[in-house]
Each structure stands twice: as structure tokens, then as C-alpha cells.
Amino acid sequence: QVLDEFSRQVSKVDWLSGSPATISYSALDGYLSKYQNPRDADPMTRVQAELDETKIILHNTMESLLERGEKLDDLVSKSEVLGAQSKAFYKTARKQNSCCEIM
């Protein structure tokens, strides 16, 4: 693309005898700045970079989901232990109260 545009703007006669000082090709600076970042220049590179970013975000999300699942499992097991302890306390309290009847 750059070569085609250069050949349209600069005549072939000037190619051999010309130098950067004598041949003016102003679009070159624009192309150089554009292609410094391959992500901007190449759509496939940009898509690949976006996929890589999405993959990292997805991995982080999955890790946090797994951590939450572990925390939920801990809460369930603690609530089961607390439920068993409260039943034992209730039974013990009932036994203690049944021996002391109020008249």
C-alpha cells in the first residue's frame, strides 16, 4: 500500500537520482506512526490481543467464583455444626428444666 502510493506521488525518474532531501513523501510519517503499534495496524493482531485480555479476565472470574464456592462450603459446614450444637443445647436444657418443676 505504501509502495503503491509512493509510486503514484513520486515519478519513477526521481527514484534513482533522488535522496530523502530531494524527494518529498509526506504520507510516510503517517504510515510510520500508524504501524508503530501493530495492534492498530493489523486487525488480526488487535483481535488476538482482545482475546488474550478476555481470557485473562475470564480466568480471574473463574478463580473468584471458585473461592466463593469454597467460602460457601465453609459456611454450610459451620451452619451444620451450629445446628447440631443448638439441638444438643436444647436437649440438655430440656433435661435440666424437666427435673425442676415449678409447683
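Where a number appears in this text, it was derived from the coordinates with a stated rule and is not lab data. In this text the structure is predicted, and so the values were computed from the model without any measurement. Note that we place each Cβ from the backbone using ideal geometry, even for glycine, and neighbour counts take in every protein chain shown.
Worth pointing out:
- Spin-label model, GLN96 to LEU75: label points 7 Å out along the Cα-to-beta-carbon direction sit 3.1 nm apart.
- Straight-distance candidates among the lysines for linking to LYS95, with alpha-carbon spacing under 24 Å and chain neighbours fewer than 8 residues away dropped: LYS87.
- A straight Cα-to-Cα reach below 23 Å connects LYS91 with the lysines LYS78, residues fewer than 8 places away in its own chain not being considered.
- Between the residues LEU72, ALA88, THR61, the greatest Cα displacement towards the positive end of the dipole of the chain, with unit charges on the Cβ of Lys, Arg, Asp and Glu, is found for ALA88.
- Straight-distance crosslink candidates among lysines, where the alpha carbon sits under 25 Å from LYS55 and sequence neighbours closer than 8 are dropped: LYS71
- Note that the chain, at 20 °C in a medium of 1.002 mPa s, gets a Stokes-Einstein diffusion coefficient of 99 µm²/s from its Kirkwood radius over C-alpha pairs.
- For region 1-42, the ratio of Cα radius of gyration to the globular rule of thumb 2.2 N^0.38 Å stands at 1.33.
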